[in-house]
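Student: I'd like to ask you about the structure that follows.
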Amino acid sequence: DIAEATLLQMAEYGALEQVEDGFSVASGELLQELSALTQNFLESYLLTLRASYALRSRDIPLKELPSRIQEYGHSRMAIQELRWPEALSGVSIKNALRCFREEGVLNLCSDGGGIRFDGEVYKQYTEDLKRLCG
């Protein structure tokens with residue numbers, strides 16, 4: 001229902017047009033404009049996955065993990081791997097961590113064993129996010 005409502009709103013905005021079998025692009029420029037609104041969030045989620053994976057063997061308390069991810073992100077900004085400084089938002093990183101924990105992508109080990117990942121789910125999320133970040 002949400003996806004259908006969103007498509008209809010995008011058609012009303014002029015980015016899409018409703019056709020017989022669904023929707024098609026009416027304005028690539030408007031579609032890119034809408035896409036840009038979400039890029040910093042997508043990049044933040046991708047950053048959270050990559051940084052958590054890079055830090056997986058370290059015993060980092062959940063409370064400290066967002067700041068460690070931000071540190072990792074700053075180094076990625078320096079080499080222009082990240083395009084959106086907003087991707088370093090602590091709120092977005094905390095939301096991404098919560099989401100990935102709820103989805104079973106990553107789990108913090110209470111025994112001090114670092115961060116564990118479901119390898120297949122991690123791979124799929126990473127590939128999807130890379131594709132969406134363009």
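The values are calculated or read from the model by the stated rules, or taken from the named source; none is laboratory data. This one's a predicted model, so the numbers in the text were calculated from it and none came from an experiment. A quick note on method: Cβ atoms are made from the backbone with ideal geometry, for glycine too, and the neighbour counts reach across all protein chains shown. Surface areas here come from the heavy atoms of the whole protein model, side chains and all, with no ligands, DNA or RNA. Shrake-Rupley method; radii C 1.70, N 1.55, O 1.52, S 1.80 Å.
Student: Starting from the Cα of Ala78, step 7 Å along the direction of its Cβ; do the same at Leu37; then give the gap between the two resulting points in nm.
Tutor: 3.5 nm
Student: Put +1 on the Cβ of each Lys and Arg and -1 on the Cβ of each Asp and Glu in the chain; which of Ile60, Leu31, His74 then has its Cα farthest toward the positive end of the dipole?
Tutor: Ile60
Student: How would you order 82-88, 117-123 from highest to lowest mean count of nearby Cβ atoms within 10 Å?
Tutor: By packing density, highest mean first, the sequence is 82-88, 117-123.
Student: Further question: Grab the Cα-Cα distance for Glu103 and Glu4, subtract it from 0.36 nm times how many residues apart they are, and report the gain in nm with one decimal.
Tutor: Details: separation 99, 0.36 × 99 = 35.64 nm, distance 2.36 nm.
Using 0.36 nm per residue and subtracting the Cα-Cα distance, I get 33.3 nm.
Student: Once each part is reduced to its C-alpha centroid, what is the distance from the stretch 5-65 to the stretch 88-134 in angstrom?
Tutor: Going from one Cα centre to the other spans 16 Å.
Student: Sort 41-51, 65-75, 99-109 by the packing proxy (mean of other Cβ within 10 Å over each peptide's residues), most packed first.
Tutor: Put in order of decreasing packing, that is 41-51, 65-75, 99-109.
Student: Shifting gears a bit: State the percentage of accessible surface on the stretch 1-53 attributable to carbon and sulfur atoms; use a 1.4 Å probe and exclude ligands, DNA and RNA.
Tutor: 54 percent
Student: Where does helix 65-78 land angle-wise versus the long Cα axis of the chain, in degrees 0 to 90, nearest 10?
Tutor: 70 degrees
Student: Same structure again: Given 0.36 nm per residue, what is the gain on full extension from Asn95 to Phe23 after removing their alpha carbon distance, in nm?
Tutor: 22.8 nm
Student: Right, here's the next one. With θ set to phi - 60° and the Karplus curve 6.51 cos²θ - 1.76 cosθ + 1.60, what are the ³J(HN,Hα) couplings of the stretch 18-29 in order, to the nearest whole Hz, using x for Gly and Pro?
Tutor: Result, ordered by residue: 7, 10, 3, 9, x, 9, 9, 6, 9, 8, x, 5 Hz.
Student: Going by alpha carbons, how many degrees (0 to 90, nearest 10) lie between the helix axis of 90-102 and the longest principal axis of the chain?
Tutor: Result, in degrees: 80.
Student: Find the Cα radius of gyration of the chain, compare it with 2.2 N^0.38 Å by division, and give the number to two decimals. Could you put the intermediate results ahead of the total?
Tutor: On the way: Rg = 17.5 Å, N = 134, 2.2 N^0.38 = 14.1 Å.
This ratio for the chain stands at 1.24.
Student: Using every alpha carbon pair in the stretch 31-90, what percent of pairs falls into each 5 Å bin from 0 up to the bin containing the largest distance?
Tutor: P(r) over the stretch 31-90, rounded to whole percents: 4, 19, 29, 22, 14, 8, 3, 2, 0.
Student: A follow-up question, please. For every helix of n ≥ 4 consecutive DSSP H residues, a contribution of -39,500 (n - 2.57) applies; sum these over the chain, divide by its total residues, and give [θ] at 222 nm rounded to the nearest 500 deg cm²/dmol.
Tutor: Working: 5 runs with 81 residues, N = 134.
Here the helix-only value at 222 nm equals -20000 deg cm²/dmol.
Student: For the stretch 80-88, what does the Karplus curve 6.51 cos²θ - 1.76 cosθ + 1.60, with θ = phi - 60°, yield as ³J(HN,Hα) per residue in whole Hz, taken in order and with x for Gly and Pro?
Tutor: 6, 7, 9, 9, 10, x, 5, 5, 8
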